[in-house]
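Asker: For reference, the structure I am asking about is given below.
The values are calculated or read from the model by the stated rules, or taken from the named source; none is laboratory data. This is a predicted model, so every value here is computed, not measured. Note that we place each Cβ from the backbone using ideal geometry, even for glycine, and neighbour counts take in every protein chain shown. Ligands, DNA and RNA are stripped out before the accessible areas are found, and what is left, the full protein with its side chains, is counted by its heavy atoms. Shrake-Rupley method; radii C 1.70, N 1.55, O 1.52, S 1.80 Å.
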Amino acid sequence: YLAVPLFFILSGYILAYNYSGQVETLNLSFRFWEARFARIWPAYIFSLLCSSFPLSHIPSLPIAVSTICMVQSWNPFHPEYSNAWNAVCWTLSVEAFFYLIFPLLQICIEKIRLRHLFLFGFSVIMIAIVFNTPYRIADMRYPGPWFYIPAPIIHLPEFIAGVILGNLFLQSQDLFNWF
């Protein structure tokens, strides 16, 4: 239960670290999306094909199309759609949403000064606590209302925390280099 939130935090951190100052225009954002799509989608489709071959388990057409388009987890009112074809692919569906919003999020976070970034990061961590992120440990399940909804909106605080941490690291490096 801790691996997936850690994956989303680490993803945000690495994206912020690698793409700092590189997504400020729409053209650069398209290049970012193109690179992410080219890296993730072929392996994603291969996993769907492998999971459907032995069992011949392909869901209904609307769910299959949403799964192929990597948006099956974007509907918080039907969390069962995320597990309809290949259950573990819901995390990549959530990650696809994060890739979609990352350029705008990164542009906004890069404009925040270091002191305010700490406060924003603290606020995001408090929101993550409300959404049960820290309660996902192996031997205890918090019975909150948001515990198992594989939707991007539920995991967004984890990703934002990673993006903030990546930017804090970069800004702190700049601050140390200044001295």
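Asker: Taking the conditions exactly as written (under 30 Å from Glu24 (Cβ atoms), at pLDDT below 85, under 21 Å from the mean Cα position of the chain (by Cα) and not polar (S, T, N, Q)), does Ile40 satisfy them or not? Give the steps one after another, and end with the answer.
Answerer: Numbers: under 30 Å from Glu24 (Cβ atoms): yes; at pLDDT below 85: no; under 21 Å from the mean Cα position of the chain (by Cα): yes; not polar (S, T, N, Q): yes.
It is false that Ile40 is under 30 Å from Glu24 (Cβ atoms), at pLDDT below 85, under 21 Å from the mean Cα position of the chain (by Cα) and not polar (S, T, N, Q).
Asker: Exactly one condition in (1) of a type in the set (Ser, Thr, Tyr); (2) outside any helix (DSSP H, G or I); (3) over 16 Å from Ala151 (Cα atoms) is not met by Ser47; state its number.
Answerer: Here Ser47 meets the rest and fails (2).
Asker: Here is a list: Ala138, Ala128. Which entry is at pLDDT 70 or above and among the aliphatic types (A, V, I, L, M)?
Answerer: Just a single option satisfies the conditions, and that option is Ala128.
Asker: Something else: Restricting the first residue to the range 1-15 and requiring it to be under 17 Å from Leu168 (Cα atoms), which pairs with a second residue that is surrounded by fewer than 17 Cβ atoms within 10 Å (Cβ to Cβ) meet a Cβ separation below 8 Å and a spacing of at least six or different chains?
Answerer: That search, which allows pairs on different chains as well, returns Tyr13/Phe169.
Asker: Part of a helix (DSSP H, G or I) and in contact with a His (Cβ under 8 Å, 6 or more places away or on another chain), is that true of Ser11?
Answerer: It is false that Ser11 is part of a helix (DSSP H, G or I) and in contact with a His (Cβ under 8 Å, 6 or more places away or on another chain).
Asker: Collect the residues in the range 14-27 that are open to solvent by 70 Å² or more (accessible area, probe 1.4 Å), in contact with a helix residue (DSSP H, G or I) (Cβ under 9 Å, 6 or more places away or on another chain) and either farther than 20 Å from Ile125 by Cα or aromatic (Phe, Trp, Tyr) (or both), keeping them in residue-number order. Walk me through how you get there before you give the answer.
Answerer: Pass one, the range 14-27, residues open to solvent by 70 Å² or more (accessible area, probe 1.4 Å): 14, 17-18, 22, 24, 26-27.
Applying the additional criterion that residues be in contact with a helix residue (DSSP H, G or I) (Cβ under 9 Å, 6 or more places away or on another chain) yields 14, 17-18, 22, 24, 26.
Tyr17, Asn18, Gln22, Glu24, Leu26, listed by residue number.
Asker: Which one of these does Leu104 not meet: (1) open to solvent by less than 60 Å² (accessible area, probe 1.4 Å); (2) within 18 Å of Tyr13 (Cβ to Cβ); (3) among the aliphatic types (A, V, I, L, M)?
Answerer: Here Leu104 meets the rest and fails (1).
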